[in-house]
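I have placed the structure first, in the form of structure tokens, so that the comments after it can refer back to it.
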Amino acid sequence: MLNENAYALGANRSCIRDLFEYGCQRAAVVGRENVYDYSLGNPSIPSPKEVDQTIRDILSDTDSLLVHGYTSAVGDYATRKAISDDLNARYGAHTVPEEFFIGCGAAPELVSVFRALAVPGGEILTIAPYFPEYKPFVEEAGLRFRVVPPDVPSFQIGLAAVEERITPHTQAVLINSPNNPSGVVYTRETLTALSGLLVRKAAEYGHPIYLISDEPYRELAYGVEVPFVPHIYPDTILCYSYSKSLSLPGERIGYVYVPGAAADSQRLYAAIAGAARAGGHVCAPSLWQKVIARCAHLRPDLQSYDRNRKALYEGLTAMGYEMAKPDGAFYLFIKAPGGDANAFSQRAKEKDLLVVPGDGFGCPGYFRICYCVSFEMIQRSLPVFGELIKGVAEK
Ligand code: PLP
């Protein structure tokens, strides 16, 4: 006998993966340059040069047994200290290394946090549009997954809608900014208002409501502030990843930060570490921990993403496409001309243009494009976007 939920998750590939694989097949037929694949969020800028140099340095200056050996289950102290120092310098924070758990990227970190908060009847409330993997992560942890509808057209957070859905069972509200898929960065004003609401509701229910801030795109912001969430709401659990910030998605490295000022913080930290242990997710890759210990201060060079972002935003807006201002990450979330994003995605696919319908992000009627692609591909694809919107207008 099998676990049918696990089977269903493994057997049904995600729509994003399907599109990506379709793109690979089409590339073999019509040539890579004739497929406009905006499906997958794989970084297209290389890691900073210092990262590769640091690997070489570590291999030559550190005992091999240390480089490849197990580290402390919660992560090397030097790594936690480097991250803590960096956050303190950047945000005037007062973090200490003991508040950090080094994880294998945001995905397993989130899973551990959900498991740590899993009590009978517990709920996690997230805001649409949201990263589709949240749903299986939350449900497999044994919690109820609840969604606040999108606040269109700004894609900030609709406070009244959050208030309607918070219940005494809400263990945490889960946010992601800069956001996948909308590219929107939640403003300080939005986060402050959310914080006020959570403080009020936590007092009303007599228990903390944590704010889980999923931040793999924190460094990918174009001239706008990405507020440090624990300064706005103390009961924050921050999940960070170097997958996008240092273009290291295949290396699996990040951290969870549990502020000492958060409610029940020591027990919370222990529960996250315990959940990670029960999930077999301790001791993140040792070499990568050592790299982060020396590279925590590095930031990506966003020039090529920014150029792509502007070319698409300006080009598509001029054609009549509508979308929220993409201030962060590497996504645009666009209103489907004609209203049906699945039909639009299908028509685009017939022209070898691959875009992801918003249904899986909890937001039908929109489609996502990832602009971590080459600038040349964007230029070649713009006329196709033009034909598609003209086709709808002429119907
Ligand atoms: N959260 C969001 C919003 C993401 O977009 C992703 C990956 O694309 C993840 C989490 C998982 O990232 P990681 O590679 O760090 O596991």
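The values are calculated or read from the model by the stated rules, or taken from the named source; none is laboratory data. Small disclaimer: the values here were computed from a predicted structure and weren't measured. Note: ideal-geometry Cβ built from the backbone for every residue, glycine included; neighbour counts use all protein chains shown. For accessibility, only protein heavy atoms count, side chains too; no ligands or nucleic acids. Shrake-Rupley method; radii C 1.70, N 1.55, O 1.52, S 1.80 Å.
Is region 9-16 home to any residue that is of a type in the set (S, T, N, Q), under 20 Å from the mean Cα position of the chain (by Cα) and within 29 Å of ALA141 (Cβ to Cβ)?
Within region 9-16, one or more residues are of a type in the set (S, T, N, Q), under 20 Å from the mean Cα position of the chain (by Cα) and within 29 Å of ALA141 (Cβ to Cβ).
If I filter region 115-153 down to residues being part of a helix (DSSP H, G or I) and within 13 Å of the ligand (Cβ to nearest atom), which single residue comes out as nearest to GLY183 (Cα to Cα)?
TYR134
Which residues, counting only those in region 222-239, are closer than 18 Å to VAL258 by Cβ and of a type in the set (Phe, Trp, Tyr)?
PHE228, TYR233
Test ARG299 against the stated conditions and say whether it is surrounded by fewer than 19 Cβ atoms within 10 Å (Cβ to Cβ) and under 20 Å from the mean Cα position of the chain (by Cα).
The answer is yes for ARG299.
For region 208-228, enumerate the residues that are of a type in the set (Gly, Ala, Ser) and open to solvent by less than 10 Å² (accessible area, probe 1.4 Å).
SER213
Within region 89-112, can you find the residues that are farther than 14 Å from ILE253 by Cα and in a helix (DSSP H, G or I)?
ALA89, ARG90, TYR91, PRO97, GLU98, GLU99, VAL111, SER112
Suppose the filter is within 21 Å of LEU332 (Cα to Cα), in a helix (DSSP H, G or I) and open to solvent by 60 Å² or more (accessible area, probe 1.4 Å); does ASP18 pass it?
yes
Across region 218-228, what is the total count of residues that are away from the ligand (no atom under 14 Å from the Cβ) and among the acidic types (Asp, Glu)?
Number of matching residues: 1.
For region 196-207, how many residues meet the condition of being surrounded by fewer than 17 Cβ atoms within 10 Å (Cβ to Cβ) and not charged (D, E, K, R)?
Of the residues in that region, 6 qualify.
Run TYR186 past the list (1) assigned to a helix (DSSP H, G or I); (2) open to solvent by less than 20 Å² (accessible area, probe 1.4 Å) and report the number of the one that doesn't hold.
That leaves (1) as the condition not met.
Quick grid of which residues meet (1) open to solvent by 10 Å² or more (accessible area, probe 1.4 Å); (2) within 16 Å of the ligand (Cβ to nearest atom); (3) in a helix (DSSP H, G or I):
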position: PRO230; (1), (2), (3): yes, no, yes
position: ILE237; (1), (2), (3): no, yes, no
position: SER247; (1), (2), (3): yes, yes, no
position: GLY250; (1), (2), (3): yes, yes, no
position: GLY260; (1), (2), (3): yes, no, no
position: ALA263; (1), (2), (3): yes, no, no
position: GLN266; (1), (2), (3): yes, no, yes
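Quick check: anything in region 365-375 among the small types (Gly, Ala, Ser) and either outside any loop (DSSP other than H, G, I, E, B) or free of Cβ contacts under 8 Å to residues at least 24 places away in the same chain (or both)?
no
Determine if region 23-38 includes at least one residue that is hydroxyl-bearing (Ser, Thr, Tyr) and either at pLDDT 95 or above or loosely packed, with under 15 Cβ neighbours inside 10 Å (or both).
Yes - at least one qualifying residue is present in region 23-38.
Being part of a helix (DSSP H, G or I), within 19 Å of ILE272 (Cβ to Cβ) and among the polar types (S, T, N, Q) is the filter here; which residues of region 60-88 pass it?
THR79, SER84
Quick test for you: out of VAL256, VAL291, pick the one residue that is within 18 Å of the chain's Cα centre (by Cα) and of a type in the set (Val, Ile, Thr).
Result: VAL256 is the single residue among VAL256, VAL291 that is within 18 Å of the chain's Cα centre (by Cα) and of a type in the set (Val, Ile, Thr).
Run GLY183 past the list (1) within 12 Å of the ligand (Cβ to nearest atom); (2) out of contact with any strand residue (DSSP E or B) (no Cβ under 7 Å at 6 or more places or on another chain); (3) on the phi > 0 side of the Ramachandran plot and report the number of the one that doesn't hold.
The failed condition is (2).
Return the only residue of GLU109, GLU123 being in contact (Cβ under 8 Å) with a residue 24 or more places away in the chain, surrounded by 22 or more Cβ atoms within 10 Å (Cβ to Cβ) and of a type outside the set (A, V, I, L, M, F, W, C).
Checking each option against the conditions leaves just GLU109.
Of the residues GLY75, GLY41, which is small (Gly, Ala, Ser), over 30 Å from MET377 (Cβ atoms) and touching a residue at least 40 places away in the same chain (Cβ under 8 Å)?
Criteria check complete, one pass: GLY75.
Answer yes or no: is there a residue in region 190-209 that is in a loop (DSSP other than H, G, I, E, B) and within 14 Å of the ligand (Cβ to nearest atom).
The answer is no; no qualifying residue exists.
Could you please give the count of residues in region 33-89 that are of a type in the set (Phe, Trp, Tyr) and closer than 21 Å to GLY103 by Cα?
2
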